[in-house]
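Enquirer: Before we start, here is the structure in question, set down as C-alpha cells.
Values quoted throughout were computed directly from the atomic coordinates according to the rules given, and no laboratory measurement underlies them. Since we're looking at a predicted model, the values are computed, not measured. No Cβ is skipped: glycine too gets one built from the backbone with ideal geometry, and neighbour counts run over all protein chains shown.
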Amino acid sequence: MEAKAVREVRSHEQAALEDVFFGQSVILWARWSVILAGAVLVLWTSTTVAQLTRTFPFFLVLMAMNFFLHGRYVMGSPLNRSVVVAASVADLVLITAIVVFWPGAAGLRNPVGAR
C-alpha cells in the first residue's frame, strides 16, 4: 500500500487563531478559579473591614475584566492574541497588588518561616 500525503485543509494562520480561541476557554476558567479561591481566602482571613477593603477591590476589577472576556467568548467574538496578552499582564499586575496589600506579616517577618 502506498501512503498518500495528507493535505492540511487549514492554513497556519487559521490554526493559530483556533489555538487562541480554544486556549481562551482554558484561560477564562483558570481566571475564574483564581478569582474564586482568592475571594474566599480574603473573606475568610479578613478580621476587620479595613483589611477587607484593602484587597477585595482588586478582585472586583478581576471579576469585571473576566466577565467582559467571558462574555466576548460566549458571544462567539473572542479577543485577538494581543488583547489576551494584555489581559494576562493586567491579571499579573492585579494579583501582585493583592499580594502586596495582603493583611498580615509577609516575607521575613512571617513567624511561620522563622524556624
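Enquirer: Could you calculate the contour length gain from residue 82 to residue 18, that is, 0.36 nm times the residue separation minus the distance between their Cα atoms, to one decimal place in nm?
Expert: 21.6 nm
Enquirer: Also, I was wondering about something else. Distance in nm between label sites at residue 74 and residue 37, each 7 Å beyond Cα in the beta-carbon direction?
Expert: 2.3 nm
Enquirer: Full extension from residue 99 to residue 25: what is 0.36 nm times the residue separation minus their Cα-Cα distance, to one decimal in nm?
Expert: Separation in residues times 0.36 nm, less the Cα-Cα distance, equals 24.1 nm.
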